1. In whole percent, how big is the carbon plus sulfur part of the accessible area of region B:8-95, probe 1.4 Å, protein atoms only?
2. Normalised by the empirical 2.2 N^0.38 Å for globular proteins, what value does the Cα Rg of region A:38-86 take?
3. Along the positive direction of the dipole of region B:8-95 (beta-carbon charges: Lys, Arg +1; Asp, Glu -1; about the Cα centre), which of B:Leu28, B:Gly80, B:Met17 reaches farthest?
4. Across peptide B:41-49, how many C-beta atoms of other chains are within 10 Å of each residue C-beta, on average?
5. Anything losing 40 Å² or more of accessible area from the isolated chain to the full protein assembly: pick those residues out of region A:44-73, probe 1.4 Å, ligands and DNA/RNA ignored.
6. Quick one: if you stick a label point 7 Å off each Cα along the C-beta vector at A:Val187 and B:Gln90, how many nm between them?
7. Leaving out ligands, DNA and RNA, calculate the buried accessible area for the pair A and B with a 1.4 Å probe, summed over both sides, in Å² to the nearest 100.
8. Of all alpha-carbon pairs in region B:8-95, indicate the percentage at a distance above 15 angstrom.
Amino acid sequence: MRWGWQETVAVGALLLPLLQQDAFEWCYWLAERLVRRAAGRLPAVHRHRYREEWLAELAELRGRNVSALLWALWVLVNAPSVGRGLREDAADRWRLLSNGYITAVSAAGLGLGGWLLAHGGVQLIEHGPRSLLVLVGLSAVAQLRPYLTRVHTGSLSFGSLDLALVIGWGMAAGAPAAAFATMLGQVVGRRSADKVLFNGGQYVLCLAGAGWVFQTVRESQPSSPEPLAIVAAAVAFTALNSLLMRVLFALQDPDAVARQLRKDWIVEGLMCIALTAAAPFVPLVLESRAAFVPLLLLPEAALLLLVFRLCPGLGCPPARAARR
Amino acid sequence: MAAPRMTLQTQRVLAAMLENPLGQHYGLELSRRLVLPTGSIYPILARLERAGWVSSRWEEIDPVATGRRPRRYYHLTGTGAEQARRELDQTVRSITPRWGVAGSGEVPV
C-alpha cells in the first residue's frame with residue numbers, strides 16, 4: 001500500500017488534538033519559566049516578592065495557556081522597567097549618603113581650618129608672607145591646570161606646593177592656606193559650590209593630618225634628617241587625600257568603585273613617590289624662598305608627563321572631573 | 001520622596017484606583033480593567049509604591065485550602081489618594097479649553 005495524502009490527513013487529524021493539547025500545556029510551562037526569568041532580572045532583594053506575585057497572577061490564566069504565555073512575555077519585556085523603578089530606591093539612598101558625606105567633610109574641614117587660623121595660624125602667616133603668597137598663588141594656578149590644558153588627570157595635582165605650605169608655615173597656617181588656594185583655583189575654574197567646599201574641607205583635613213605627622217616625627221626623632229619627616233608627611237597626605245576621595249567615589253558609584261580601585265591605587269602610589277622625591281627640595285624652597293619652586297615641581301611634572309605619554313588610561317578616570 | 005512620572009498610563013491606573021480608594025487591587029485585575037498591555041502595569045505600580053502613593057500587602061489566605069497562591073494587593077495610601085486627585089484635577093484643567101465648559105472633574109481615561 002502506498003502512503004498518499006489521504007493517509008497523511010487521516011493520521012494528522014488523529015494526532016493534531018494530541019499535539020495541540022501538548023502544545024497547550026507547553027505554553028503554560030513556558031510562561032512559568034518566563035515569569036521566573038523576569039523576576040531574575042530584578043534586584044536580588046525584590047526577586048522573591050515579584051516571582052510569587054507574578055506566579056499567583058499567572059495561575060489565574062491557567063486554562064488559557066496561550067494568553068498566559070503572551071502575558072508572561074509582556075512581564076518579561078517590562079521586567080527591566082520594573083527593575084529600574086526599584087533600583088531608584090537604592091540610588092536615592094546612596095545619593096543621600098553621598099550628600100551627607102560631602103556636607104560632613106566640608107563642615108569638618110572648613111571648621112577645622114577656621115579653628116586652626118584662630119589658634120595661632122594668623123600669627124604664623126606673618127612669617128614670610130610674601131613666599132606664602134607665591135606658593136598659594138602657584139597652588140591656585142595648579143588647580144586650574146585641568147581647565148587650562150583641557151586634560152583631566154584624576155587625583156593628580158601639584159601636592160608638593162601644598163606640602164611645602166604645611167611644612168614651611170606649620171599645620172595651623174599651611175593647611176588653611178593650601179585649602180584656600182585649592183578653593184580659589186576651583187572657583188576660577190567655575191566648579192560647583194559643593195565641589196569647591198568639599199575639596200576645601202578635604203584639603204584642610206588631609207594637610208592638617210600631614211602637618212601633624214610632620215611635627216610628630218620631627219619631635220620624636222630630633223636627630224633624624226628633616227626629609228624623613230617630610231616623606232612621612234607626604235605619605236600621610238596622599239593616604240588621607242585618597243581615603244577621603246575613595247569614600248566619596250564609593251558612595252557616588254558603588255558599582256564602579258571596584259573597577260576603578262586598582263587603577264587609582266597605581267596613580268596614587270606614583271603620586272606618593274613623586275611627593276617623596278620632592279621632599280628634599282622643600283627645605284630648599286623654604287630657605288631660598290621661591291627660587292627653587294621649579295625643583296619642587298619637577299617630580300610631579302615628570303609623573304604627569306609619564307601618565308600622559310605612556311599610560312594615558314591611568315590619568316583619566318572616566319566617572320569624575322579634575323579632582324573628584 | 002519624588003512624585004512619580006505622570007504618564008497617561010499612570011494616570012489611568014490612579015484613576016482606576018481612585019474609583020474605589022479603599023479597595024484592594026492586584027496587577028492582573030487592573031490591567032484587565034484598563035485594557036493595558038499586561039506587563040506594563042507592574043513598572044507603574046512599582047514606581048507608585050516607591051513614591052509612597054501606593055502600598056501593597058500579601059493576601060491572607062491558606063494556599064493549600066484555596067488551591068492558589070496569595071495575591072499581592074495594592075491600595076492607595078492617604079497621601080497617595082490626595083496627591084492622585086490633585087494630579088488628575090490638574091490634568092483635567094490643563095486639557096479643558098479655556099472657552100469651553102469647565103471640567104466636570106472626570107478623570108481623563
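1. Details: 2090 of 4140 Å².
Carbon with sulfur: 50 percent of the solvent-accessible area.
2. Details: Rg = 11.0 Å, N = 49, 2.2 N^0.38 = 9.7 Å.
Against the empirical 2.2 N^0.38 Å value, I get 1.14 for region A:38-86.
3. Selected residue: B:Leu28.
4. On the way: counts 5, 13, 9, 4, 3, 12, 6, 1, 3.
Taking all residues of B:41-49 together, the mean is 6.
5. Buried by 40 Å² or more upon assembly, which counts only protein chains, are A:Arg49, A:Glu52, A:Glu53, A:Ala56, A:Glu57, A:Glu60, A:Trp71.
6. In this crude label model, A:Val187 to B:Gln90 measures out at 3.8 nm.
7. Numbers: alone 17520 and 7090 Å², together 22530 Å².
Between A and B, the summed buried area is about 2100 Å².
8. 59
The values are calculated or read from the model by the stated rules, or taken from the named source; none is laboratory data. Please read these numbers as outputs of a predicted model, since none were measured by experiment. Note: ideal-geometry Cβ built from the backbone for every residue, glycine included; neighbour counts use all protein chains shown. To get the accessible areas, we keep the full protein, side chains included, count just its heavy atoms, and leave off ligands, DNA and RNA. Shrake-Rupley method; radii C 1.70, N 1.55, O 1.52, S 1.80 Å.
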